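Colleague: Structure provided below as structure tokens; questions to follow.
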Amino acid sequence: QVQLLESGGGLVQTGDSLRLSCVASGRAFSRYVMAWFRQAPGKEREFVAVINWSDSKTFYADSVKGRFTISRDNAKNTVSLQMNSLRPEDTAVYYCAADDGDISTVGWTYDYWGQGTQVTVSS
């Protein structure tokens, strides 16, 4: 069992930066694929970024590529999402997710989810 707790959300202006963190409890964090998803009001949940457990390989949604960076610190059981050059369309609840399977950008493949943290970008 893995429990995930996100933090770092808030209200910012266009062009600002935020850093989200997700702390995982439970064993074998270093062997979990970790990802960030987001859900805006009235929209479906969408993939943002993922980092593999074995080689720290990363993938990003096209909408955030070049602006967001996902990273992990296995010693601290933490995965982070550095978000730069934020835009109003980045406004959403951001969720951390974990899975012990293969790297994936599909939400239903993830077994563990955090409660989410709100990010609001004003224009």
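The values are calculated or read from the model by the stated rules, or taken from the named source; none is laboratory data. None of the values given here were measured: they were computed from a predicted structure. With ideal geometry, Cβ positions are generated from the backbone for all residues, glycine too; neighbour counts draw on all protein chains shown. To get the accessible areas, we keep the full protein, side chains included, count just its heavy atoms, and leave off ligands, DNA and RNA. Shrake-Rupley method; radii C 1.70, N 1.55, O 1.52, S 1.80 Å.
Colleague: Suppose R0 equals 22 Å. What FRET efficiency, 1/(1 + (r/R0)^6) with r the Cβ-Cβ distance, do ASP62 and ASP111 give to the nearest 0.05?
Modeller: 0.30
Colleague: So, one more: If you take every residue apart from LEU4 with its C-beta less than 12 Å away from the C-beta of LEU4, what net charge results, scoring Lys and Arg +1 and Asp and Glu -1?
Modeller: That sum, taken over residues with Cβ under 12 Å, equals -3.
Colleague: Please report the projected area of the stretch 63-106's Cα convex hull averaged over all directions, in nm².
Modeller: For the stretch 63-106, averaging the hull's shadow over all directions gives 4.1 nm².
Colleague: Here is a follow-up. Quick check: net charge around LYS43, other residues with Cβ under 14 Å of its Cβ, Lys/Arg +1 and Asp/Glu -1?
Modeller: -2
Colleague: I need the phi-derived Karplus couplings for the stretch 111-123: 6.51 cos²θ - 1.76 cosθ + 1.60, θ = phi - 60°, integer Hz, Gly and Pro marked x.
Modeller: The phi angles translate into 8, 10, 9, x, 7, x, 9, 7, 10, 10, 10, 8, 8 Hz.
Colleague: Would you mind checking which residues have amide H under 5 Å from THR91's amide H? H placed 1.01 Å from N; only 5 or more apart, or other chain.
Modeller: VAL121
Colleague: Then there's this: In whole Hz and in residue order, list the ³J(HN,Hα) couplings for the stretch 6-21 that follow from phi through the Karplus curve 6.51 cos²θ - 1.76 cosθ + 1.60, θ = phi - 60°; x for Gly and Pro.
Modeller: 8, 7, x, x, x, 9, 9, 9, 3, x, 6, 10, 9, 10, 8, 10
Colleague: Once all Cα-Cα distances of the stretch 27-90 are split into 5 Å bins that start at 0, what whole-number percent is in each one?
Modeller: Going from the shortest bin to the longest, the percentages are 4, 17, 27, 22, 16, 9, 4, 1.
Colleague: What translational diffusion coefficient, in µm²/s and rounded to a whole number, does the Stokes-Einstein relation yield for the chain at 10 °C and a viscosity of 1.306 mPa s, taking the hydrodynamic radius as the Kirkwood radius over Cα pairs?
Modeller: Rounded to a whole number, D works out at 112 µm²/s.
Colleague: Please get the size of the charge dipole for the chain, origin at its Cα centre, with Cβ charges of +1 on Lys and Arg and -1 on Asp and Glu, quoted in debye to the nearest 20.
Modeller: 220
Colleague: Taking all protein chains in place and a 1.4 Å probe, what share, in percent, of the accessible surface of the chain do carbon and sulfur account for?
Modeller: Solvent-exposed carbon and sulfur of the chain make up 46 percent of the total.
Colleague: Then there is this: Pop the C-beta distance of THR69 and ARG27 into the FRET formula with R0 = 30 Å and round what comes out to the nearest 0.05.
Modeller: 0.65
Colleague: Further question: Using a probe radius of 1.4 Å on heavy atoms only, what accessible surface per residue do you get for the stretch 51-123? Whole Å² is fine.
Modeller: On a per-residue basis, 51 Å².
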